[in-house]
Each structure stands twice: as structure tokens, then as C-alpha cells.
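This report refers to the structure that appears directly beneath it.
Please treat every number below as a calculation from the coordinates, not as lab data. These numbers come from a predicted model, not from an experiment. Please note: Cβ atoms are built from the backbone with ideal geometry, for glycine as well, and neighbour counts cover all protein chains shown.
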Amino acid sequence: MNLTAAELLERQSTGDLSAEAITQSFLARIQQVEPKLRSFLAVDEAGALEQARAIDAKRRRGDAMGILAGVPIAIKDVICVQGQRATAGSKMLEAFVPPYDAHVITRLKEADAILIGKSNCDEFAMGSSTENSAYQTTRNPWDLERTPGGSSGGSAAAVAASEAPLALGTDTGGSIRQPAGLCGIVGLKPSYGRVSRFGLIAYGSSLDQCGPFAHDVRDSALLLEVIAGHDSRDSTSVDRPVPQYAKVVESPVQALVIGVPREFFNQPGAQATGGLDAEVERSVRDALKVYESLGATIKEISLPHSPYSVAVYYLVATAEASSNLARYDGVHFGHRAKEFAGLIDMMKKSRGEGFGAEVKRRIMLGTYALSSGYIDAYYLKALKVRRLIRQDFDRAFAECDVIVGPTSPTAAFKIGEKTGDPLAMYLSDIYTISANLAGICGISIPCGLTKTGLPIGLQILGAPFTEEKLLRIARMYERETDWHKRRPAV
Amino acid sequence: MSLSADEVRRVADLARLELSDADVDAMVRQLGAIVDYINQLQQLNTDAVEPLAHALDVHDVFRDDVPGTSLSPDEALANAPARKDDFYRVPPVFGD
């Protein structure tokens, strides 16, 4: 079923489709393509059909319907759904069944969405290709030899291949925008504090945000509207009104000024940081021409500290991760080693067995950066440069509405291509990572295909809490093009 | 500057992480490369810059002290690797 969430809502209100028929159709699609893609760690077939029947009954009774009534959604496996296993892609949490719902799940249930399954991801959301999952390798629906990106690769692949019209992911350094770009769909990272983190399995707490995957901007707006807003259980969730994003997306922004950071592009004699691919650059420049044709002013800007963002991120995120993942000690929940000698040895062995290589690497790096003798040179230094990165954005947003550039330096890379070189993998997030450090919002929308048929993502970044403007600007481009309507032939 | 195997073992001990000798070798190589990359930050003069730990102005948030429902002992202990009565069961804390 190749319909968007908005179309599925429409077809149900006219009586053409029932929630049960929709759910059955997506479950059949999952059965058909899952052996090739492996987007899901668990599909809740019985639960999804039960939810669908309850929603159909509600409609027959004439009750008020939730704003995502009867629309299936895939949930990244770092998000807790009560009573359903949440592994975070880790052997550490192989048997973990959360006793409560994440705030975003409560909101989805109130909106009558249908939770269809848990999608694969890099272990504890640490990775850029979903290859760090302890369970399976997800494949890019556009080319099965390639990764879907990561860490929310299962969510992105599921939507791209129409296994679900919507999905939730989390983005700590690009984990929504990068896989959305590599899979040819829309992915949005909200501003830090826009969406409650209650019930997300924590990675980097000052960076993590939960956000939507969808085929188009309108569906993204709809899903953001459902999950955004204050929650007293996350003290960093901000108490400010949630606009009706889906209603406003069709109004273009007048006198639009787009900032284009020179650091994101190749310059004569100097390659962009991360090595921007020529085909990607051409598609992004074409997209800028579309905006120009709509009357936008394109302004070259500078984000002078952006080349340092990967270095800052791998200190800040790993320091926070080393603290967050200290809870997996074999005591309260998660894996416990079978054989050990005493308490400390139990903890060391449980963690040594339960965590995969990338998680261990990041815990080690974070512990090192916070350890006595190094904290000033590494962690505090990184926090100072983090402020410089934020100030770059503040200055830029004083003179432009949004910043536009590529989502990733290249289209989807091959499975196994970067697994032996962690640093090369980290650099694939060069354009997305600074938004998390600065707390701003960003979206990736499809803006082209390479000659070999791989999707290219356009990243649009906005000042904190300007999701409404960001979505309207993304929609302006989308209306002029049909890249978002392309589907992989999987 | 790169990391020695002893340094890697010391950090692993702080992180309560058991590493095999092969893991230690790989960490020396991979963390060394990452630390070398990260050292580019030392080029920047940040003497006059305040650290930014958080993108928002975060401050303590208090709620009213009202009793509410919480997980039952069985729910709270459902994921425990080992349990005795209403307690988490762990190996002896003293004497190892």
C-alpha cells in the first residue's frame, strides 16, 4: 500500500478503507519484503490487528478519532513500549521488557496510531549504518548491497519500502536525518526540548531527540504535532505551545533568505570537510536554484567552527554515554554473566559480554575524556568549542531564515565499507552533527538520485523552536519536485 | 599522542569493562586514531569561552510533593537478573 498517512486518514473518513484492511495490507508488505530488508526486530501482528479493530469500532460508534487514527507506525527499538521487548539493538537488553510507555508512545496511542513493530538500529543508537545492531543487518531498499544509514536505519528502510507509512527514530548526531537522506524519505530532528525523552533508552542526554520519518513533509508535520510538547517527566522538555504543524505547511515563507555555509561545499583548491561527492553537490545546488526560482535570496554564510563538530561530538556524546550506560551493571536489568568472582567482576564480565565493539569503544573514549588528568583537555575543551559552534549558528540565523546544504557527503555506502574504520564512519555525519550540539532543528528531504539510482538528501536547518517555518520551507521545495514520490523497486 | 595498552586497561577498569587482549590491541589502535583526530581541538584558543554543557538554559524543575502511583515490586523487579523476595540479588559486596 503506497499511500501516505494523510491519504490513509482521508480514505478511512470516506469509508473506502478500514484500519484493519490498512493494517493487514502493511503486514502483508512486511512479510513480502522483510526477508530481503530486515528492517524490523519484532512485528506485533496480533497486537496491531487488535488495535486496528478497536479503532474501526470506535469509528463505527461515531466517537472522536485521534489525529493518526488507523495509521501504522514503526518504532525504533530504543523507544519503550510497555510489555514489548526493547533491545536497543543490544545483547545487553535481549530480555528487557519495559514496564511503561515512553511519552511519545503514550501520545501515539492517544492519537489512535497503530504500533506495528520495533525497528532495527545500531546498538544503543551508536552508529551510522545500522551495522552495529547485535541482531541483524538492515539493507537499503534502493540497493540491497548498501546500508540504509543509521542509527535509525530500520525505521528509514521500513518507510522507504512502504512497510509502514510512518516511523519514529531518534537523532543524537544525525541518526534520523542521515538514514532519511540515504533512503529517499523525509526525516526531522526536532529542536532539543521539543519532544520529551521520557522512555527513550538514553545515549547522549544533552543531544538525543525523538522525531518522525515519513514520505513527505505533511506527514512529518502530522507526526511531529502528535509527539511534541511538554512532559513533566523530562525536565528538559520545554513548556511552550505546539503549533498545528500540519495545517501551516502549505503556506510558503515570504522574503525567504537561505544561508549556504561555504564550509559544507568544495572550494577551489580545498575539498569540503568529509569529502562532498560531486553528484550530491550538484543535486543540492539544483535544489537551491528551485528556491531561487521561488523568489528566495541565497546568501553565502560561514560556520567557521563546523569542521570541529565531529571532534566535539565524539567527546561530548561519548562522555554522556559512558555515564548513561553505567546503569547496565548486571544488577537491576539487562544481561548478567553466568560465571564471575565477586561483584566487580560480575559487572565487568556482564558489560564485556553484553556490549558490542562500537559501544565499548564509545564507553572507553567517554571514560577517558572524563578521567582525572584529561577532563580539562578533552571534555571541557569540547564544551567550549560546542559554545563556539552554537554561536556560529546564532550569528547565521540572525541573517537568514534557514541553512541549506547536503545531509551527507555521499549517497548510501556499501555494507562493510566503513566498519573497519570507525573514524571514516563518524565522518559520514559531518553535516548533521552540529545541529545536535547546538540544539537546533533540522530536516532531510529527498532532492535527487545519483546516476546509479541512490537517493540524495537535502538538509535544512532552523533556529531552535522554528519547526513550523522549517516545515513550510521544506514543503515549498517539495511542491515543485517529485523526488518524494519516487519509490524503490524492492 | 597515542594511548598505551596500560592506559587502555586502566580506562577499561574505570569503565568496569572486561576486555580481551585482542580487544585491548584493537582499542590501542582505534582509540589512538580517534584521539589523534580529536586533538585538532587544541588548535583553537578557547581561553575566553564558557563551556556549553547544554543547548537549553537548564535549571532544576520541581514538582509538588504529591504521592502518585508507582510500579509494584513485581513490576519493578520483573527485569532483574536475580531476585530474592522483594530485593535485587547480587554477589557479596564485601570480601572479594
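Extension gain A:Arg60-A:Arg240, at 0.36 nm per residue separation less the Cα-Cα distance, in nm?
Values: separation 180, 0.36 × 180 = 64.80 nm, distance 3.53 nm.
Extra length available between A:Arg60 and A:Arg240 comes to 61.3 nm.
In degrees between 0 and 90, to the nearest 10, how far off the longest principal axis of chain B does helix B:5-14 point, with axes built from Cα atoms? For helix B:5-14, the angle is close to 20 degrees.
Counting only complete DSSP H runs, which helices of chain A cover 18 Å or more along their long axis at the Cα atoms and score a mean Kyte-Doolittle of -1.0 or above? List each step's numbers first, then the result.
Values: long enough: A:19-37 (26 Å, 0.00); A:45-61 (24 Å, -1.12); A:278-293 (22 Å, -0.61); A:309-324 (21 Å, 0.68); A:357-370 (20 Å, 0.21); A:381-399 (28 Å, -0.66); A:467-480 (20 Å, -1.21).
Result, helices passing both filters: A:19-37, A:278-293, A:309-324, A:357-370, A:381-399.
For region A:217-320, the normalised intensity computed at q = 0.23 Å⁻¹ comes to -1.11 (log10 of I(q)/I(0), Debye sum over alpha carbons, equal scatterers, no solvent).
Give me the net charge for the shell around A:His230: Cβ to Cβ below 9 angstrom, other residues only, Lys and Arg +1, Asp and Glu -1. Combined, the nearby Lys, Arg, Asp and Glu give -2.
When A:Thr297, A:Thr14, A:Thr466 are sorted by how many other C-beta atoms sit within 10 angstrom of their C-beta, beginning with the fewest, the order is A:Thr14, A:Thr297, A:Thr466.
Across chain B, the longest piece that holds none of the chymotrypsin sites (Phe, Trp or Tyr not before Pro) lying in DSSP loops with up to 11 other C-beta atoms within 10 Å covers B:1-61. In a fully extended conformation the segment linking A:Ser251 and A:Ala424 would gain 58.3 nm over its present Cα-Cα distance, using 0.36 nm per residue. With contacts taken as Cα pairs under 8 Å at a separation of at least 6 residues, chain B carries a relative contact order of 20 percent.
If you take all other residues with their beta carbon under 9 Å from the beta carbon of A:Asn120, and give Lys and Arg +1 and Asp and Glu -1, the sum is +1.
Cα centroids of region A:348-404 and region A:80-125: 26 Å apart. What whole number of Å gives the distance from the Cα centroid of region A:469-488 to the Cα centroid of region A:11-64? Comparing the Cα centres of region A:11-64 and region A:469-488, I get a distance of 26 Å. For chain A, the share of DSSP beta bridges that are antiparallel, to the nearest 5, is 70%.
Too long at a 19 Å Cα-Cα cut-off: which of A:Lys76/A:Lys338; A:Lys118/A:Lys469; A:Lys189/A:Lys485; A:Lys414/A:Lys451; A:Lys189/A:Lys289?
Details: A:Lys76/A:Lys338 29 Å; A:Lys118/A:Lys469 31 Å; A:Lys189/A:Lys485 21 Å; A:Lys414/A:Lys451 16 Å; A:Lys189/A:Lys289 25 Å.
As for pairs spanning more than 19 Å Cα to Cα, those are A:Lys76/A:Lys338; A:Lys118/A:Lys469; A:Lys189/A:Lys485; A:Lys189/A:Lys289.
Distance between the 7 Å Cα→Cβ label points at A:Asp345 and B:Ser4: 2.7 nm. Per-residue mean of foreign Cβ neighbours for A:378-384 is 6 (Cβ atoms of other chains, 10 Å radius).
The modelled label-to-label distance for the pair B:Asn45/A:Gln136, using points 7 Å beyond Cα in the direction of Cβ, is 5.6 nm. Here the calculated FRET efficiency for A:His332 and A:Asn266, from their Cβ-Cβ distance with R0 = 30 Å, stands at 0.05, rounded to the nearest 0.05.
Comparing B:Arg16, B:Arg29, B:Arg83 in a Gaussian network model of chain B (Cα springs below 10 Å), the most mobile by mean-square fluctuation is B:Arg83. Note on A:Val404, B:Val35: ascending count of other Cβ atoms within 10 Å places them as B:Val35, A:Val404, the fewest first. When the helices of chain A are scored as -39500 (n - 2.57) per DSSP H run of n ≥ 4 and the total is divided over every residue, the value at 222 nm lands at -11500 deg cm²/dmol.
Just report the Cα centroid separation between region A:276-313 and region A:192-253, whole Å. Taking the Cα centre of region A:192-253 as reference, the centre of region A:276-313 is 25 Å away. In plain terms, the residue of B:Met27, A:Met476 with the fewest other Cβ atoms within 10 Å comes first and the most crowded comes last, giving A:Met476, B:Met27. Here is how the number arises for chain B: DSSP H runs of 4 or more residues each give -39500 (n - 2.57), the sum is divided by the residue count, and the result at 222 nm is -10500 deg cm²/dmol. Here A:Lys485 and B:Phe94 are evaluated by their C-beta separation; at R0 = 51 Å the FRET efficiency comes out at 0.15.
Entry note, chain A: relative contact order of 18 percent, from Cα contacts under 8 Å with a spacing of 6+ residues. Other residues whose C-beta falls under 13 angstrom from the C-beta of A:Tyr291 contribute a net charge of +1, scoring Lys and Arg +1 and Asp and Glu -1. Size descriptor for region A:308-379, Kirkwood hydrodynamic radius: 13.0 Å (Cα pairs only, one decimal). Rounded to 0.05, the FRET efficiency of the A:Glu417 and B:Ser72 pair, given R0 = 41 Å and the Cβ-Cβ distance, is 0.25. The smallest convex shape that holds all Cα atoms of region A:160-252, its convex hull, gives 104 Å³ per residue. Starting from a Cα-only point model with no solvent, please compute log10 I(q)/I(0) by Debye for region A:86-227 at q = 0.16, 0.17, 0.19 1/Å. Each listed q corresponds, in turn, to -0.76, -0.87, -1.11. When the alpha-carbon atoms of the protein assembly as shown are used, the pair Rg, Dmax equals 23.1, 75 angstrom.
In percent, rounded to a whole number, the relative contact order of region A:5-254 is 18, using alpha-carbon pairs under 8 Å and six or more apart.
Taking the mean number of other Cβ atoms within 10 Å as a proxy for protection, how do you rank A:178-185, A:394-401, A:456-463, B:43-50 from highest to lowest? Provide the component values of the computation, followed by the final result.
Numbers: A:178-185: 33.5, A:394-401: 15.6, A:456-463: 26.9, B:43-50: 10.5.
In decreasing order of mean packing, A:178-185, A:394-401, A:456-463, B:43-50 become A:178-185, A:456-463, A:394-401, B:43-50.
The share of alpha-carbon pairs in region B:5-95 lying farther apart than 23 Å comes to 67%.
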